[in-house]
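The values are calculated or read from the model by the stated rules, or taken from the named source; none is laboratory data. These figures come from a predicted structure and were not determined experimentally. Every residue, glycine among them, receives a Cβ derived from its backbone with ideal geometry; neighbour counts consider all protein chains shown. For accessibility, only protein heavy atoms count, side chains too; no ligands or nucleic acids. Shrake-Rupley method; radii C 1.70, N 1.55, O 1.52, S 1.80 Å.
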Amino acid sequence: MRRSLVIVLVLAALLVFGVVYFALDPSTSGLFPRCTFLSLTGYKCPGCGTQRAIHALLHGDVAGAFRYNALLLVAIPWIALCLYAESRRLRNPRLYALLNAPLLIWLFLAMVLLWWLLRNIFDW
Amino acid sequence: MKYWINHNGVQSGPVDLEGLKEMGLTSAAYVWHEGLSDWVKITQLPELQGLYEMVEQVAEPAVTGQPLESQPAATQPAPAQQAPINYQQPETPEPCPPTNLVWAIITTVLCCIPPGIVAIFYALKVSNKYREGDIEGAKRASETGAWWCIAAIILGIISMPLGFIMMSAGAS
């Protein structure tokens, strides 16, 4: 079935990424792309530090990951929940509607914008 | 062959076999195509075997035994309007169109590119419109939001080499 093929491909891609980000340190290796926004403007974007944070997380260093990109630590469980709800959108519309409530989306949006602003002010 | 689908109270179609595969249907879906006298359960059409996921049938009043006047006329190409009345008043509300929120969040956190934030705005729009009962508006916002997610991913990918160039330019 097409659906299971997609799931297998996604898991394979995740595994490859996981191995690469575990083995190589983005803060020292030159192989990883640098943030375009930071390069162009000199300001950090909400996603800056994600690659280093993933590397730290894969090595079990949660505090380090938090220092590199605190937003990622909040986003990962959020993404996992939303992906689950997304996969069951038609069978469990209530869970989907709950996780996609305007209030929750506002909350995430506000968090991203605040994080963006504060990390540039305090150099987080 | 074109099929019309009724899945959890939501009608769609006409779609061909390829389109049907993409819809992520379950065994609870009903199908109609030209030549059938009434909607049938998807499980009853042998050519659609394996194109849907089996789910347990929820206890629901049977929708197959509809009075004759509500059956789609086989000569009419648009049975969507002729659907049995039961379908229009489903017990469960129509599910929310995809808000694409996950992809918006992922692109915002990973792609380092502001279109993800626009996509979050569209997720909000879908959710708001859905709650106001404006299903059509929600669907439109859902489509626009999906394009912003795709734009964010593409921009993220093509901007990677740009980041490298800027990096080496800054280093020199």
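General remarks:
- In this structure, residue B:126 does not qualify as of a type outside the set (Phe, Trp, Tyr), within 7 Å of chain A (Cβ to nearest Cβ) and open to solvent by less than 10 Å² (accessible area, probe 1.4 Å).
- Candidate set from the range B:88-99 (those that are open to solvent by 20 Å² or more (accessible area, probe 1.4 Å) and facing chain A (nearest Cβ under 9 Å)); member that is modelled with the highest pLDDT: B:98
- Scanning the range A:22-78 for residues that are open to solvent by 30 Å² or more (accessible area, probe 1.4 Å), in a helix (DSSP H, G or I), over 15 Å from residue A:124 (Cβ atoms) and facing chain B (nearest Cβ under 10 Å) yields A:37, A:40, A:51, A:54, A:76, A:78.
To keep it simple, each residue is scored yes or no on (1) surrounded by fewer than 16 Cβ atoms within 10 Å (Cβ to Cβ); (2) more than 11 Å from every other protein chain (Cβ to nearest Cβ).
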position: B:1; (1), (2): yes, yes
position: B:8; (1), (2): no, no
position: B:14; (1), (2): no, yes
position: B:22; (1), (2): yes, no
position: B:29; (1), (2): no, no
position: B:50; (1), (2): yes, no
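- Sole exception among (1) part of a helix (DSSP H, G or I); (2) open to solvent by 60 Å² or more (accessible area, probe 1.4 Å) for residue A:119, by number: (2)
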